[in-house]
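Heads up, the thing below is written out as structure tokens.
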Amino acid sequence: MEQASGSKAMQDFLEWAAPGSVEWRMARELSPDRIPGHIAVIMDGNGRWAKQRRLPRAAGHGAGVKPVREIIEACCRLGVETLTLYAFSVENWKRPLAEIETLWTLLRKYLRQELPDLKANGVRFQTIGQTDALPRSVCREIDRAIMETAANDGMRLNIALNYSGRAEIVDVVNDLLRQAHRCDQSLQVSERDLSERMYTASGGDPDLLIRTSGEFRVSNFLLWQIAYSEIWVTERYWPDFRTTDLLEALLVYQKRNRRFGGLPDQSPEPLTANVPATNGKLLAVNK
């Protein structure tokens, strides 16, 4: 799924970026009609960023708010239809209680402060994951953001909270089993049946998955949906991730020949051709 009205969105981005800046020059190399429709991001490295600076882990999480704000706005202006950010996994409950409480405090503060801008930019805020297990104070802020942005027709912003890719698949299978039991029918499941019930079904599968901190794993994130996603990994920790990194990922993404299991019309171009020198790497799943 790729954005159709790319030229208008790209013009918006170029007007937003400072003329002549690195971001402006990189964006001009992009094909406006090949911007990914859905970008997913594993925001990793907050703790290591803090450790490098001899700061508490909480400082890393606090520093990670700035790139969230920046990347959301950049994606809005580039014409990305759906942005999914991996904020808190089911496994993250294993962390120290003080760190978890810090994350909830930052989330509540972020939603209160950023909601006006989300509304102004037409962003539809949504969550994916088992959010009913979150603290009530967090759920109230989440519900408010969802309600107040529900009528917006701009970019869909999914925040993955208490999320597990395996748990999502289990939820879908159990839903199908309950449906078959109610109708007293035998269960026969297709890929389409599962895809239509995934948490992200309304936004389609990610075209591009970005992971920070240099780790080459998907960490139980969108396991069903990323079957044919392009995967771009950067060694940069999340608090240092900026619009230039996003643009780099898009430049490399656009040089890929996405075959979805079929045969290419021609050999794909080398990954490094005409791409700015950076530390990012691109992988492909099920090429």
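Key figures
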| quantity | calculated |
| --- | --- |
| Amide H contacts under 5 Å for residue 35, placed H, 5+ residues apart | 3 |
| Contact order normalised by residue count of the stretch 38-149, Cα under 8 Å, 6+ apart, percent | 25 |
| Protection proxy ranking, peptides 30-41, 88-99, average beta carbon neighbours within 10 Å, highest first | 30-41, 88-99 |
| Pairs of lysine residues in the stretch 33-186 - Cα separation under 21 Å, sequence separation of 8 or more or cross-chain | 5 |
| Ordering of 162-169, 232-239 by burial proxy (mean other Cβ atoms within 10 Å per residue, highest first) | 232-239, 162-169 |
| Cut-off under 5 Å, modelled amide H: who pairs with residue 128 long-range | 159, 160, 161 |
| Kirkwood Rh and Cα Rg combined as Rg over Rh, evaluated for the chain | 0.97 |
| Packing-based ranking, highest mean first, of 183-189, 125-131 given that Cβ atoms within 10 Å are counted | 125-131, 183-189 |
| For the chain: relative contact order, % (alpha-carbon pairs under 8 angstrom, 6 or more apart) | 23 |
| Tensor-based shape of the stretch 64-184 (alpha-carbon gyration tensor, a/c under 1.5 rounded, otherwise prolate or oblate) | oblate |
| Contact order normalised by residue count of the stretch 1-78, Cα under 8 Å, 6+ apart, percent | 37 |
| Shape call, the stretch 34-86: gyration tensor on alpha carbons, a/c limit 1.5 | prolate |
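Here, each number is a calculation from the coordinates, and none is a lab measurement. Computed from a prediction, not measured in an experiment: that's the story for all the values here. Virtual Cβ from ideal backbone geometry, glycine too; neighbours counted across all protein chains shown.
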